[in-house]
Amino acid sequence: MKRRTLNLSIAAGLLAFSAAAQAQTKWDLPAAYPATNFHTVNLNQFAADIDKASGGKLKITVHPNASLFKAPEIKRAVQGGQAQIGEILMVNFQNEWGVWGADGLPFLATSYDDAMKLWRAQRPMVEKKLAEQGMMALYAVPWPPQGIYSKKPLSSAADLKGIKWRAYSPATARIAELVGAQPVTVQAAEVSQAFATGVTESMMSSGSTGADAKLHEHVKFWYDTQAWLPKNLVIVNRAAFNALDKATQDAVMKAAADAEVRGLAESKKANVSSLNILKAGGMQILPPPAQLTADMKKVGDTLLTEWLSKAGPEGQQLVDAFRK
Ligand code: PCA
């Protein structure tokens, strides 16, 4: 009798244990930027919010700095279910589909307000595209405005001829070609090393990535061209999302909406703080000389024309919706 009771209680305990194990879902979230970057800090808060709101049912582990997948591989990993959720840089995927690259077009959307306006125009298209690919969009956060880092002072685009230029996307590589620089594609996680070893000597990016990479140790000038604000987007595998119960799905969507608002505010703060870090490290933060601005605007016009011809009616529709 005694023995039977014991066996039953063990069985009951095992049942309760396996129910708890089943009720807890674990997701991996590959991200491409350093743990201290504001995007990554925001991702960790997003994960903590979901943990709390779901009563510990959904645990998301953020893997920063391209430690799980390299930046250009994250989208495919989420699509294939190797990761349930991930953070991508939309402009990395411009060759697959033009709309991904709209926020990397120089001088189309140049302020935070415009970046979010462009996102509102992009979002329905992006949602449709991701749905076709078995994924969903959760939230997007812009990087701070993009300027030009250079080892030597610049007065016009001609000063960029022949220099080794770090690109992070098809558009930043194309800019290099148009100004006669030598593009080398290097993802953010390797920027510090690329400049330290002389593989690259200039690039367009935000103060945030420059500060992450301590670029003031290698580069003395940053020209504040405010050319565009590319966005990171958090995407989720549709089947993984569908497998959650309704309350947990709601917790994810609510945390995503909060993360989008919080991320925008943090990006604005990072814009100021990162430029201060670079300045304190001895970098000159300068307005672009008039000729450099004029030259880069021309480059921007070329990129927009080329992009429109590739992106087709969908691209035009997006630009029209943004400019309305
Ligand atoms: N930092 C990222 C993308 C845009 C930015 O500001 C990078 O340089 O890779």
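Bear in mind that the values in this text are calculations on the coordinates, not laboratory data. As the structure is a computational prediction, the values presented were derived from the model and not from experiment. In this analysis, Cβ positions are derived from the backbone assuming ideal geometry, glycine residues included, and neighbour counts consider all displayed protein chains.
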### Summary
Taking alpha-carbon centroids only, segment 257-284 lies from segment 37-73 a number of Å equal to 20
#### Entry: Helix 246-280 vs. the chain, principal-axis angle (Cα, 0 to 90°, nearest 10)
30
#### Entry: Built amide H within the under 5 Å cut-off of TRP228, gap 5+
PHE107, GLN146
### Acute angle (nearest 10 degrees) that the helix 170-179 long axis makes with the longest principal axis of the chain, alpha-carbon atoms
10
### Task
Set Lys and Arg Cβ to +1 and Asp and Glu Cβ to -1, take the dipole of the chain about its Cα centre, and tell me which of GLN84, GLY98, GLY180 lies farthest positive.
GLN84
### Query
Taking 0.36 nm per residue of separation and subtracting the Cα-Cα distance, what length does fully extending GLU177 through ASP224 add?
14.8 nm
### Query
If you average the sequence gap of Cα pairs under 8 Å that are 6 or more apart and divide by the length of the chain, what percent do you get for the contact order?
24
#### Entry: Amide H contacts under 5 Å for HIS63, placed H, 5+ residues apart
LEU29, ALA31
### Query
For the residue pair GLN24 and GLU306, what label-to-label distance in nm results when each label sits 7 Å from Cα along the Cα-to-beta-carbon direction?
5.1
### Message
If you filter segment 251-321 for trypsin sites (Lys or Arg not before Pro), then keep DSSP loop positions with at most 16 other Cβ within 10 Å, what is left?
### Response
none
### Query
Got a sec to turn the phi values of segment 60-69 into Karplus ³J(HN,Hα) couplings, 6.51 cos²θ - 1.76 cosθ + 1.60 with θ = phi - 60°, whole Hz, x for Gly and Pro?
10, 9, 8, 10, x, 6, 6, 6, 9, 9
### Query
Based on DSSP H runs of at least 4 residues, each adding -39500 (n - 2.57), what is the mean residue ellipticity at 222 nm of the chain after dividing by all its residues, to the nearest 500 deg cm²/dmol?
-16500 deg cm²/dmol
### Query
Label points 7 Å out from Cα along the Cβ direction at LYS128 and ALA294: separation in nm?
4.1
### HN-Hα J in Hz across segment 28-39 - Karplus 6.51, -1.76, 1.60, θ = phi - 60°, x for Gly and Pro
9, 10, x, 9, 10, 10, x, 4, 8, 5, 4, 5
### Task
Please list the non-local residues whose amide H lies under 5 Å from the amide H of ILE85, H modeled 1.01 Å from N, same-chain partners needing a gap of 5 or more.
ASP28, ASN237
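Which length gain, in nm to one decimal place, applies between LYS324 and ALA265 when the Cα-Cα distance is subtracted from 0.36 nm times their residue separation?
18.8 nm
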### Message
Under 19 Å from a point placed 7 Å out from the Cα of ARG76 along the Cα-to-Cβ direction: which residues of segment 87-123 have their backbone N that close?
### Response
87-98, 100-101
### Query
Dipole of the chain (Lys/Arg Cβ +1, Asp/Glu Cβ -1, origin at the Cα centre): which of ILE60, SER111, PRO145 lies farthest to the positive side?
ILE60
### Query
How many nm is it between the label spots at SER155 and GLN193, if each spot is 7 Å from the Cα in line with the beta carbon?
3.8
### Task
Evaluate the charge dipole of the chain about its Cα centre and quote only its size in Debye, nearest 20, assuming +1 on the Cβ of each Lys and Arg and -1 on the Cβ of each Asp and Glu.
820
### Task
For segment 47-162, just the Cα set please: Rg and Dmax, both in angstrom.
17.6, 58
### Query
What is the list of residues in segment 53-78 whose amide nitrogen lies under 13 Å from a point 7 angstrom out from the Cα of ASP250, following Cα to Cβ?
53-55
### Task
Determine, at each q value in 0.11, 0.14 (inverse angstroms), the log₁₀ of I(q)/I(0) that the Debye formula gives when each Cα of the chain is one equal point scatterer.
-0.69, -1.07
### segment 150-161 - phi-based ³J(HN,Hα) in whole Hz, Karplus 6.51/-1.76/1.60, Gly and Pro as x
8, 6, 10, x, 10, 10, 8, 5, 4, 5, 8, 4
